[in-house]
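The values are calculated or read from the model by the stated rules, or taken from the named source; none is laboratory data. Fair warning: this is a prediction, and the values are worked out from it, not measured in the lab. Here Cβ is always computed from backbone atoms with ideal geometry, including for glycine, and neighbour counts include all displayed protein chains.
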Amino acid sequence: MKRMLSGIKPTGRLTLGNYIGAIRQFIAYQDEYELFVFVANMHAITIPIDPKILRQNSRDMVALYLAAGLDPNKTTLFLQSDLPQHAELGWILTCHSYMGELQRMTQYKDKTAKGETGITAGLFTYPSLMAADILMYDPDFVPVGIDQKQHVELARDLAERFNHRYSDTFVVPQPLVEKVGAKIMSLQNPTKKMSKSEDNPKATIDLLDEPAVARKKILSAVTDSLGVIRYDVEEQPGIANLLTILSALSHEDIDSIIKRYEGKGYGELKQEVAQVVSDFLTDLQAKYHDIVASGSVDDILKAGNERAARIAYKKVAKVKRKLGLSIIK
Ligand code: AMP
Ligand code: TRP
């Protein structure tokens, strides 16, 4: 079985966009691959974050992934900061990354170009830590959004550099960028991505929103004045977005939805989307609350941490031997 790994950064509350664009895919992958999924909480501290919020987001993330169908018997789910080997290998790979390489990474480049102040050294070196997260587990594939592809490429370069300098140590991973992974747009500005860092609460659906609140958000989604239900991202981005959400959650293809809506108005479509979203959230949240109440998040993380730690311990020991860092015989 090929191995796959991905990390999720607990910087905000998960949205319906995260579910449709990412979580759903993970759930599908766990049958085909040996899957490792971890909460990348050490990446969340590259910018200031309230400890209470970090803790809450991390727990919610694990509980929501489980509620959505991630099966801890198939997938190794763990918390990055519980494995000191990530920081250890991160430092070693930082020492094998060039300043020029890290300066080319878009997140750092964009922030510096905008003249942002208070950029931490951690934000600068985080792609090396991400390379450590990946190379530690020898995955064949790393599914990421397009914005993260550059980081997986750095991990490839570092793996090749290390293997070349010290002999074969790491599998060279491949980024797996979703083909046409549905992109869910903001409900208030449907030409912009629905994002967990959005300021206007009416624009996004949080996976933990009250279903009644989510329903209202759908009913007040921005559309257009053309009055026909078609899938046209350019001319009717709001309607296209509602059709995408409906299709993703109900598994009905967009063409068939459009046929049903011939001669009908936006109001009816919104009512159906609102109902489907609200039913989806009700079901997801019931599972989420059961998981939280059962206390199983801690047990699942402990088991996942242990499984991951066995691999991480061996990998770092090997790396240290190769580098001449371990001297006791
Ligand atoms: P982010 O929330 O930007 O850290 O992204 C986490 C994962 O969710 C990535 O795989 C993204 O591609 C996916 N994702 C985030 N927002 C959306 C969205 N609006 N539509 C589809 N996928 C999304
Ligand atoms: N940097 C990724 C993000 O911002 C999260 C992440 C950290 C990650 N380590 C990873 C993703 C390793 C894939 C593999 O979303």
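The table below gives the values:
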item: Filter result (in a loop (DSSP other than H, G, I, E, B), modelled with pLDDT of 90 or more and within 15 Å of ligand 2 (Cβ to nearest atom)) within the stretch 12-45; result: Leu14, Tyr33, Ala40, Ile45
item: Residue in the stretch 262-282 that is farther than 30 Å from Leu54 by Cα, touching a helix residue (DSSP H, G or I) at 6+ places or on another chain (Cβ under 6 Å) and among the aromatic types (Phe, Trp, Tyr) present; result: no
item: Verdict on Leu54 being away from ligand 2 (no atom under 12 Å from the Cβ) and buried (at least 20 other Cβ atoms within 10 Å of the Cβ); result: no
item: Inter-residue pairs, beta-carbon under 7 Å, first at negative phi and in the stretch 119-132, second more than 16 Å from ligand 1 (Cβ to nearest atom) and β-branched (Val, Ile, Thr), 6+ apart; result: Ile119/Thr112; Thr125/Thr94; Ser128/Thr94
item: When residues of the stretch 82-91 are limited to those that are touching a residue at least 40 places away in the same chain (Cβ under 8 Å) and surrounded by fewer than 19 Cβ atoms within 10 Å (Cβ to Cβ), the one nearest to Arg321 (Cα to Cα); result: Glu88
item: Residue match in the stretch 102-121 (condition: of a type in the set (A, V, I, L, M), more than 16 Å from ligand 2 (Cβ to nearest atom), surrounded by fewer than 18 Cβ atoms within 10 Å (Cβ to Cβ) and over 30 Å from Lys217 (Cβ atoms)); result: yes
item: In the stretch 291-319, the residues that are without any contact (Cβ under 8 Å) to a residue 60 or more places away in the chain and in a helix (DSSP H, G or I); result: Ala293, Ser294, Asp298, Asp299, Lys302, Glu306, Arg310, Lys314, Ala317
item: Filtered residues of the stretch 98-124 (kept if assigned to a helix (DSSP H, G or I) and aromatic (Phe, Trp, Tyr)); result: Tyr108, Phe124
item: Filtered residues of the stretch 193-216 (kept if of a type outside the set (A, V, I, L, M), at pLDDT 95 or above and either within 20 Å of the chain's Cα centre (by Cα) or within 12 Å of ligand 1 (Cβ to nearest atom) (or both)); result: Thr204, Asp206, Asp209
item: Which numbered condition Ile45 fails, given (1) more than 10 Å from ligand 1 (Cβ to nearest atom); (2) farther than 26 Å from Pro84 by Cα; (3) in contact (Cβ under 8 Å) with a residue 40 or more places away in the chain; result: (2)
item: Only one of Leu226, Leu249 that is among the hydrophobic types (A, V, I, L, M, F, W, C) and crowded, with 17+ Cβ neighbours inside 10 Å; result: Leu249
item: Pair list, Cβ under 8 Å, 6 or more apart: the stretch 262-276 residue more than 8 Å from Leu242 (Cβ to Cβ), other residue of a type in the set (Phe, Trp, Tyr) and part of a loop (DSSP other than H, G, I, E, B); result: Glu268/Tyr261
item: Filtered residues of the stretch 49-88 (kept if closer than 18 Å to Ala131 by Cα and assigned to a helix (DSSP H, G or I)); result: Gln80, Ser81, Asp82, Gln85, His86, Ala87, Glu88
item: Answer from Pro127, Pro143 - the residue that is within 10 Å of ligand 2 (Cβ to nearest atom) and outside any helix (DSSP H, G or I); result: Pro143
item: The stretch 192-202: number of residues that are in a loop (DSSP other than H, G, I, E, B) and either surrounded by 12 or more Cβ atoms within 10 Å (Cβ to Cβ) or touching a strand residue (DSSP E or B) at 6+ places or on another chain (Cβ under 6 Å) (or both); result: 5
item: Pick from the stretch 22-36, criterion among the hydrophobic types (A, V, I, L, M, F, W, C) and within 12 Å of ligand 1 (Cβ to nearest atom), ranking: surrounded by the most Cβ atoms within 10 Å (Cβ to Cβ); result: Ile23
